[in-house]
Amino acid sequence: MNKPRYLLKETDFSLPEIAQLFALAADFKLNRAGGTPGLLARQTWGLLFFKNSTRTRVSFEVGIHELGGHALYMDTHNMQLSRGESIEDTARVLSRYVHGMVIRAFEHRWVEEFSNAGCIPVINALTDSFHPCQSYTDAFSIAERLDPKVPSPALLKGRKLAYLGDCASNMAQSWILLGAHLGMEVVLAGPKSYAPDDGIQKVIESTGLVPTHRFTEDAGDAARNADVVYTDVWVSMGDEAEAEERLNAMAPYTVDMRLMKHAAPEAVFMHCLPAHPGQEVSQEVLDSPQSIVFDQAENRLHVQKAVLAILGLSHSEKDI
Ligand code: CP
Ligand code: NVA
């Protein structure tokens with residue numbers, strides 16, 4: 001049996017694979033009406049979500065359908081997992097039924113443990129540590145803006161991304177890791193108490209990459225001449241008990257028009273969504289011509305179809 005492929009964090013795809021991913025995604029986007037049925041024909045992919053989702057769940061269900069496969073959403077509350085069955089046994093059982101899994105979890109080790117115990121491809125649909133489907137889509141969206149015909153990841157090398165707000169969040173960590181992988185400068189600005197964790201430094205070192213990020217408490221410093229200004233919610237799923245403390249601490253880091261003026265003239269504003277206007281971003285910036293947040297949201301579909309195609313083809317029916 002072939003060893004399946006996984007997408008658990010940003011370095012799981014090599015640079016040539018990310019280039020292949022972007023080319024496929026661009027093709028899927030251009031030829032959506034023409035369709036690409038059959039790539040996942042007779043395959044069933046499971047969706048196991050321990051947290052809420054709008055974009056990720058819907059774009060995966062639609063994407064799997066468009067590739068000719070069947071998406072099976074699993075309600076975690078009704079599964080034996082919620083009555084104490086282990087993630088390992090769940091992985092061993094589900095591997096006998098489905099061709100791949102898309103998992104949204106709290107602790108990152110859950111997707112790792114599922115991958116290790118099972119024998120099917122696993123896609124991380126967000127954990128407390130990383131959100132690679134989002135960051136790959138973000139990078140594609142930046143590349144697409146630079147060259148819509150050939151949105152190559154090479155276009156991103158040397159570009160500056162400013163990340164504002166919770167610099168220890170899953171999206172911040174994803175951008176720290178992907179920035180190092182793609183050779184981008186990532187400058188994160190937020191309160192000191194929400195600076196990047198040491199753990200992400202260790203992940204970068206373990207992959208042999210050179211860190212390309214730095215942290216500052218000065219939002220203007222981060223945004224200065226940035227090509228991309230990025231933010232995410234201040235209260236991530238699972239952090240609700242700290243909401244008040246977080247909103248107070250991060251109040252100076254709202255992305256507003258004044259901050260956007262520090263960025264390069266052609267800079268884009270990005271947000272993985274859902275947005276909370278008036279907190280991490282002003283309504284004016286969200287609605288401005290610089291904002292590409294809904295292109296980002298749309299591109300989740302095209303990029304994830306490309307991820308599914310790459311992982312699904314690497315794990316064919318004979319492997320199940
Ligand atoms: N950006 C994102 O992952 O959105 P959802 O939580 O709606 O899936
Ligand atoms: N950091 C956010 C991302 C949501 C897509 C969260 O984890 O809730």
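The values are calculated or read from the model by the stated rules, or taken from the named source; none is laboratory data. Remember, it's a predicted structure, so these values are computed and weren't measured experimentally. Virtual Cβ from ideal backbone geometry, glycine too; neighbours counted across all protein chains shown. To get the accessible areas, we keep the full protein, side chains included, count just its heavy atoms, and leave off ligands, DNA and RNA. Shrake-Rupley method; radii C 1.70, N 1.55, O 1.52, S 1.80 Å.
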(request) Could you work out which residue, out of Glu144, Glu240, Glu280, moves most in a Gaussian network model of the chain, that is, has the largest mean-square fluctuation with Cα springs under 10 Å? (result) Glu240
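Would you work out the relative contact order for segment 194-320, in percent, from Cα pairs under 8 angstrom that are 6 or more residues apart?
On the way: 117 pairs, mean separation 29.2, N = 127.
Rounded, it is 23 percent for segment 194-320.
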(message) Using only Cα atoms and rounding to the nearest 10 degrees, what angle (0 to 90) does helix 170-182 make with the longest principal axis of the chain?
(response) 90
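What value, in deg cm²/dmol to 500, does the helix sum -39500 (n - 2.57) over DSSP H runs of n ≥ 4 give at 222 nm once divided by the residues of the chain? Mind showing how you got there, number by number?
On the way: 12 runs with 125 residues, N = 320.
Roughly -11500 deg cm²/dmol at 222 nm, from the helical runs in the chain.
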(message) What number results when the radius of gyration of segment 1-114, computed over Cα atoms, is divided by 2.2 N^0.38 Å?
(response) 1.15
(message) Let me check something: with ligands and nucleic acids excluded, how do Thr137, Thr54 order by accessible area (1.4 Å probe), largest to smallest?
(response) Thr54, Thr137
(request) Could you give the size of the charge dipole of segment 1-128 about its Cα centre, using +1 on the Cβ of each K and R and -1 on the Cβ of each D and E, expressed in debye and rounded to the nearest 20? (result) 260
(request) Using a 1.4 angstrom probe on the protein heavy atoms only, line up Leu155, Leu273, Leu15, Leu311 by accessible area, largest first. (result) Leu15, Leu155, Leu273, Leu311
(message) Restricting to Cα pairs below 8 Å that are 6+ residues apart, what does the relative contact order work out to for the chain? Please round to a whole percent.
(response) 22
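If we sort 71-83, 205-217, 18-30, 163-175 on the protection proxy, mean other Cβ atoms within 10 Å, highest first, what's the order?
Numbers: 71-83: 12.5, 205-217: 14.2, 18-30: 19.8, 163-175: 26.1.
Sorting 71-83, 205-217, 18-30, 163-175 by mean packing, highest first, produces 163-175, 18-30, 205-217, 71-83.
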(request) Enter the accessible area of Leu39 (Å², nearest 10), with the probe set to 1.4 Å and all protein chains included. (result) 60
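If you scale each eigenvalue of the Cα gyration tensor by 5 and take the root, what three semi-axes come out for the chain, rounded to whole angstrom and sorted largest first? List each step's numbers first, then the result.
Working: eigenvalues 201, 101, 63 Å².
Semi-axes from the Cα gyration tensor: 32, 22, 18 Å.
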(request) Taking the dipole about the Cα centre of the chain, with the C-beta of Lys and Arg at +1 and of Asp and Glu at -1, give me whichever of Met184, Leu313, Asn248 is farthest to the positive side. (result) Leu313
